[in-house]
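Student: Quick one: this structure, given as structure tokens, is what I'll be asking you about.
Every number here is computed from the coordinates shown, using simple stated rules; none is lab data. Predicted model, so just to flag it, every value in this text is computed and none were measured. Counting neighbours? That spans all protein chains shown, and the Cβs are built from the backbone with ideal geometry, glycine included.
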Amino acid sequence: MKENRVTIKIPRPLYRRIAEIIEESGFSSPTDFIVYVLRDLVGATAAAETNNDTFSQEELSGIRQKLKNLGYLE
Amino acid sequence: MIKAHGGKLINRIAEGKEREQLESLAPSLPKLTLNDRETADLEMIAIGAMSPLEGFMGREDYLSVLDLKRLAKGLPWTIPVVLAVKEGDGDEFVEGNQIALVESDGEILAVMDLEEKYGVDKQQEASKVLLTNDDAHPGVRYLDTIIGTYLGGTISLLKRPQHNRFENFRLDPKETRVLFKAKGWETIVAFQTRNPIHRAHEYLQKCALEIVDGLLVHPLVGETQKGDIPAEIRMECYKILFENYYPSTRTALSIFPAAMRYAGPREAVFHALVRKNYGCSHFIVGRDHAGVGSYYGTYDAHYIFAEFDRYEIDITPMFFDHSFFCKKCGNMASSKTCSHGSEDHVFLSGTKVRAMLAEGKMPPPEFTRPEVAELLMSFYKDQ
């Protein structure tokens with residue numbers, strides 16, 4: 001069975017710095033911290049991608065005009 | 001407003017430079033002619049009505065939908081959306097290359113990145129999706145007309161299929177979403193239909209409308225089986241109701257361009273998910289939704305929703321029992337809300353109504369609005 005984690009290499013000084021930052025923070029290891037931060041970032045990106053109900057002003061005007069022409073809007 | 005299924009409303013209509021490049025490339029690509037169902041599916045994928053699909057399904061999604069009623073990544077999806085080779089084994093279609101998808105008149109509609117070509121067991125598909133292999137079932141008959149080699153891949157639409165009807169009622173998901181926002185509707189219930197709306201249907205819609213902000217009547221106008229009332233006649237019936245009995249501030253009528261699968265419970269979930277993409281928060285599921293003959297139990301289309309968590313489906317199904325006019329109650333009711341026996345209920349089977357209309361007999365106003373009945377009588381008289 002495949003291991004469900006992979007190894008990612010980061011600069012050692014950065015790793016050491018993260019280890020300092022997380023001391024007494026509740027994160028049990030630099031890896032836990034990095035996974036937490038990455039999940040947060042990926043989640044924010046996904047949320048931005050899904051917010052597609054916001055149309056450009058031009059597109060919105062076009063749609064509203066079509067809806068008016070068809071009698072859906074006054 | 002409710003998010004599209006999968007979180008993102010898909011747009012696969014090619015624009016700008018990409019469009020120019022594909023338009024110049026497409027004539028030199030191997031061509032596959034689409035049938036009516038595939039053409040409808042293509043357009044619905046492109047406009048986001050089938051979000052999160054970005055193309056016709058590959059094998060993994062197809063098998064997952066058949067076995068688990070979910071896409072390979074786990075999102076609920078109950079109906080295969082597939083593209084069949086039309087002749088032989090489709091040797092001219094090579095995985096990793098692009099192909100042009102064309103209408104029956106040869107007009108190029110789209111380019112597809114052919115990611116996968118795979119053989120399928122059509123009998124298995126029929127058993128799992130339609131729950132039968134009976135040739136009398138229109139969905140089984142459809143499968144008999146196609147070859148069991150499917151092509152999967154992402155599509156880029158270059159040209160909308162030709163439409164010569166219902167142009168004034170054709171709204172894409174992003175357009176219905178703008179409409180709902182402009183009307184100030186937060187919650188919207190969708191009503192799927194492929195039949196004329198009689199009093200029982202009107203009752204369900206108005207019950208639902210009592211608890212949401214707006215009603216979208218969304219009749220299916222894609223391919224249906226012979227014997228169903230033509231979409232043109234049905235649209236006239238809907239227009240009569242909208243003009244005479246529905247409040248324009250709370251209701252909208254727009255067409256649903258999909259082909260009918262007659263897959264009963266599975267299609268009920270599919271119809272709900274797709275309406276979510278149109279921006280609807282609620283969906284009416286009546287008795288024998290998307291059923292045909294006696295292949296499905298009366299309320300199987302209700303029970304299937306229990307196979308999914310509410311948050312996965314997101315759109316809220318509104319289940320309704322068999323409804324009718326009760327002479328003792330003096331109003332429309334359902335088997336859930338009326339205590340009287342069937343002798344007090346005004347209910348006519350489809351067969352009985354068709355026979356009455358064909359004979360020029362007006363069904364009672366408790367069953368159908370007189371204006372609708374007159375229109376239907378005139379249609380049957382001309383048959």
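Student: Convex hull over the Cα atoms of chain B, averaged projected area in nm²? Don't skip to the end; give the middle numbers.
Tutor: On the way: hull surface 77.0 nm².
Mean projected area of the Cα convex hull: 19.3 nm².
Student: Here's something else I'd like to know. Give me the percent of Cα-Cα pairs in region B:167-381 that sit more than 23 Å apart, rounded to a whole number. Please report the intermediate quantities before stating the final value.
Tutor: Numbers: 10680 of 23005 pairs.
Roughly 46 percent, once rounded to a whole number.
Student: Can you tell me how much longer the chain between B:Tyr311 and B:Asp344 gets when fully stretched, taken as 0.36 nm per residue apart minus their C-alpha distance, in nm with one decimal? Please report the intermediate quantities before stating the final value.
Tutor: Values: separation 33, 0.36 × 33 = 11.88 nm, distance 4.05 nm.
Full extension of this stretch gives 7.8 nm more.
Student: Have a look at the DSSP beta bridges in the protein assembly as shown and tell me what percent are antiparallel, nearest 5.
Tutor: On the way: 22 of 42 bridges.
Taking every DSSP beta bridge with both residues in the protein assembly as shown, the antiparallel ones total about 50 percent.
Student: Treat every Asp and Glu Cβ in region B:167-381 as -1 and every Lys and Arg Cβ as +1, leave all other atoms uncharged, and give the resulting dipole magnitude about the Cα centre to the nearest 20 debye. Walk me through the numbers before you get to the answer.
Tutor: Values: 26 positive and 26 negative charges, 41 e Å.
That gives region B:167-381 a dipole magnitude of about 200 debye.
Student: Sticking with this structure for a sec: For region B:150-268, what mean projected area does the convex hull of the alpha carbons give, in nm²?
Tutor: Values: hull surface 38.1 nm².
Answer in nm², one decimal: 9.5.
Student: If you find the alpha carbon centre of region B:10-60 and of region B:322-348, how far apart are they in angstrom?
Tutor: With region B:10-60 and region B:322-348 each reduced to a Cα centre, they are spaced 48 Å.
Student: In region B:125-222, which GluC sites (Glu not before Pro) are in a loop and have at most 15 other Cβ atoms within 10 Å, using DSSP for the loop call? List each step's numbers first, then the result.
Tutor: Details: sites: B:Glu125, B:Glu167, B:Glu175, B:Glu186, B:Glu202, B:Glu210; in loops: B:Glu186, B:Glu210.
Sites meeting the loop and neighbour criteria: B:Glu186, B:Glu210.
Student: Arrange the peptides B:110-121, B:348-359, B:2-13 so that the one whose residues have, on average, the most other Cβ atoms within 10 Å appears first. Display every interim value, and only then the final one.
Tutor: Working: B:110-121: 19.1, B:348-359: 14.3, B:2-13: 20.8.
Going by the mean number of other Cβ atoms within 10 Å, highest first, we get B:2-13, B:110-121, B:348-359.
Student: Another question, if that's okay. If the cut-off is 19 Å between C-alpha atoms, which aspartates and glutamates fall inside it for A:Lys9, apart from same-chain ones fewer than 8 positions away?
Tutor: Partners within reach: A:Glu20, A:Asp32.
Student: How big is the protein assembly as shown on each of its three principal axes, counting only the C-alpha atoms and giving the largest first in Å?
Tutor: Taking the Cα atoms of the protein assembly as shown, the three principal extents are 87, 58, 48 Å.
Student: For each pair in B:Lys226/B:Lys381; B:Lys181/B:Lys336; B:Lys8/B:Lys181; B:Lys206/B:Lys226; B:Lys226/B:Lys276; B:Lys206/B:Lys327, compute the distance between the two Cα atoms and list the pairs where it is over 23 Å.
Tutor: Working: B:Lys226/B:Lys381 17 Å; B:Lys181/B:Lys336 34 Å; B:Lys8/B:Lys181 18 Å; B:Lys206/B:Lys226 30 Å; B:Lys226/B:Lys276 29 Å; B:Lys206/B:Lys327 20 Å.
In this structure, B:Lys181/B:Lys336; B:Lys206/B:Lys226; B:Lys226/B:Lys276 exceed 23 Å between Cα atoms.
Student: Right, something else. Can you give the net charge of the other residues whose Cβ lies under 11 Å from the Cβ of B:His198, counting K and R as +1 and D and E as -1?
Tutor: Values: positive: B:Arg199, B:Arg369; negative: B:Glu202, B:Glu366.
Neighbour charge sum, excluding B:His198 itself: 0.
Student: Which of B:Gly119, B:Gly55, B:Ser323 sits closest to the plus end of the dipole of the protein assembly as shown, meaning its Cα is farthest towards the positive end, when Lys and Arg get +1 and Asp and Glu get -1 on the C-beta?
Tutor: Value: B:Ser323.
Student: Can you list, bin by bin at 5 Å, the percent of alpha carbon pairs in region B:1-78, starting at 0?
Tutor: Over region B:1-78, the share of Cα pairs per 5 Å bin runs 3, 14, 17, 21, 22, 12, 9, 3, 0 percent.
Student: Can you return the lysines within cross-link range of B:Lys128? Criterion is Cα-Cα under 16 Å, with same-chain partners fewer than 8 residues away left out.
Tutor: B:Lys69
Student: Rounded to the nearest 0.05, what FRET efficiency is calculated for B:Thr33 and B:Glu60 with R0 set to 30 Å and r the Cβ-Cβ distance? Walk me through the numbers on the way to the answer.
Tutor: Details: r = 26 Å, r/R0 = 0.87.
E(calc), rounded to 0.05, equals 0.70.
Student: I want to check the label-to-label distance for A:Arg16 and B:Asn164. Put each point 7 Å from Cα in the C-beta direction and report it in nm to one decimal.
Tutor: Once both label points are built, they end up 7.8 nm from each other.
Student: Taking every DSSP beta bridge with both residues inside chain B, roughly what % is antiparallel (nearest 5)?
Tutor: 50 percent
Student: Residues of B:173-185, mean number of Cβ from any other protein chain within 10 Å of their own Cβ, rounded to a whole number? Mind dumping the intermediate values first?
Tutor: On the way: counts 0, 6, 7, 3, 4, 11, 7, 0, 3, 8, 3, 0, 0.
Counting other chains' Cβ atoms within 10 Å and averaging over B:173-185 gives 4.
Student: Need one value for B:6-13: mean number of C-beta atoms belonging to other chains within 10 Å of its residues' C-beta atoms.
Tutor: Details: counts 1, 6, 5, 3, 1, 1, 0, 0.
Per residue, the average neighbour count from other chains is 2.
Student: Within 10 Å of each residue's Cβ, count the other Cβ atoms and sort B:Ile304, B:Ile211, B:Ile155 from fewest upward. Spell out each step's value before the answer.
Tutor: Details: B:Ile304 21, B:Ile211 10, B:Ile155 25.
By the 10 Å Cβ count, ascending: B:Ile211, B:Ile304, B:Ile155.
Student: For B:Lys17, go through the lysines and keep the ones whose alpha-carbon is under 20 Å away, minus same-chain ones fewer than eight residues off.
Tutor: B:Lys159
Student: Could you sort B:327-334, A:26-33 so that the peptide with the highest average Cβ count within 10 Å comes first and the rest follow in order? Show your work: numbers first, answer last.
Tutor: Details: B:327-334: 15.2, A:26-33: 13.4.
Per-residue Cβ counts within 10 Å, averaged per peptide and sorted highest first, yield B:327-334, A:26-33.
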